[in-house]
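All remarks here apply to the structure that follows.
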């Protein structure tokens, strides 16, 4: 499981409209990123340091963060990206 944690954190913060200098929840977001990476791994996705994998990790983390107090399934666009990425693992 390889990914650039610093880049992932910066992108998550950007997607959440947080200023780069605001480090007040960096520790929390880092734990959420690591948790999302582990969940992707459990689902059969081996993350690499490719930008597509980083973006999948970021999108998964942001969706989980924004949905943490809501019920509902993963959005179709994200579910399909995850499935396509998983299929790449399976075929490659």
When only Cα pairs under 8 Å and 6 or more residues apart are kept, what is the percent relative contact order across the chain? 35 percent
Can you compute the label reach from residue 64? Point 7 Å from Cα along the Cβ direction, backbone N cut-off under 20 Å, restricted to region 9-36. 9-18, 24-36
Can you tell me the orientation of helix 26-42 relative to the chain, as the angle in degrees between its alpha-carbon axis and the longest Cα principal axis, to the nearest 10? 10 degrees
Evaluate E = 1/(1 + (r/R0)^6) for residue 34 and residue 86, where r is the Cβ-Cβ distance and R0 equals 22 Å; express this FRET efficiency to the nearest 0.05. 0.65
So residue 41 and residue 2, fully extended at 0.36 nm per residue minus their Cα-Cα distance, gain in nm 13.0 nm
If you work out Cα extents along the principal axes in Å from the coordinates, which of [x] 71, 26, 25; [y] 41, 30, 18; [z] 36, 28, 21 do you get? [y]
Calculate the spin-label point distance for residue 77 paired with residue 26, positioning each point 7 Å from the Cα along the beta-carbon direction, and give it in nanometres. 2.9 nm
Only helical DSSP H runs with n ≥ 4 go in: add -39500 (n - 2.57) per run for the chain, normalise by residue count and round the 222 nm mean residue ellipticity to 500 deg cm²/dmol. -21500 deg cm²/dmol
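Any read-out appearing in this document is the output of simple, stated calculations on the displayed coordinates, not a laboratory observation. Bear in mind the structure is a predicted one, so any value in this text is a computation, not a measurement. Glycine gets a Cβ as well: all are built from the backbone with ideal geometry, and neighbour counts include every protein chain shown.
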